[in-house]
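The values are calculated or read from the model by the stated rules, or taken from the named source; none is laboratory data. These numbers were taken from a predicted model, which means no experiment stands behind them. Here Cβ is always computed from backbone atoms with ideal geometry, including for glycine, and neighbour counts include all displayed protein chains.
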């Protein structure tokens, strides 16, 4: 059982390349198994390539409902299905990719300029989101056509 798995931040000195759905990746978080119940933890800057500035969670999502439907200009996120399961559709303006989350010790890292839609929520599912920044409406792309035009 690895106690820590270091995720290194991307090189910030190189010129910015267009974001790609291939840049989004699943990461395995540490697990401590115990007959009394298991424990998983995440530390910003250790397991994530960012410090955690905000955490929130989605729950009681009705069957057939969708969440997300936006992209962020600068924010990084880790999404974890801490209970149940759901799917995430990732879109970089050129290509789409669907990822299922269904393990509380596995998270999906999503960087800036990736459109995301969450659907297929199982009954009782909980989606935990760890974000690199506090809420800032100016960081959101909520219009898909405008997002695609900027993502180019």
The listed residue being modelled with pLDDT under 95 and over 16 Å from residue 104 (Cβ atoms), out of 65, 53: 65
Criterion (farther than 24 Å from residue 43 by Cβ, outside any strand (DSSP E or B) and modelled with pLDDT of 95 or more) met by exactly one of 94, 103, 134: 94
Filter result (under 23 Å from residue 47 (Cβ atoms), in contact (Cβ under 8 Å) with a residue 40 or more places away in the chain and assigned to a strand (DSSP E or B)) within the range 60-91: 68, 72, 77, 78, 79, 80, 81, 82, 83, 86, 90
Condition broken by residue 95, with the remaining ones in (1) farther than 25 Å from residue 146 by Cα; (2) surrounded by fewer than 16 Cβ atoms within 10 Å (Cβ to Cβ) satisfied: (1)
Candidate set: the range 106-131, residues that are touching a helix residue (DSSP H, G or I) at 6+ places or on another chain (Cβ under 9 Å) and part of a loop (DSSP other than H, G, I, E, B); chosen: the one nearest to residue 33 (Cα to Cα): 111
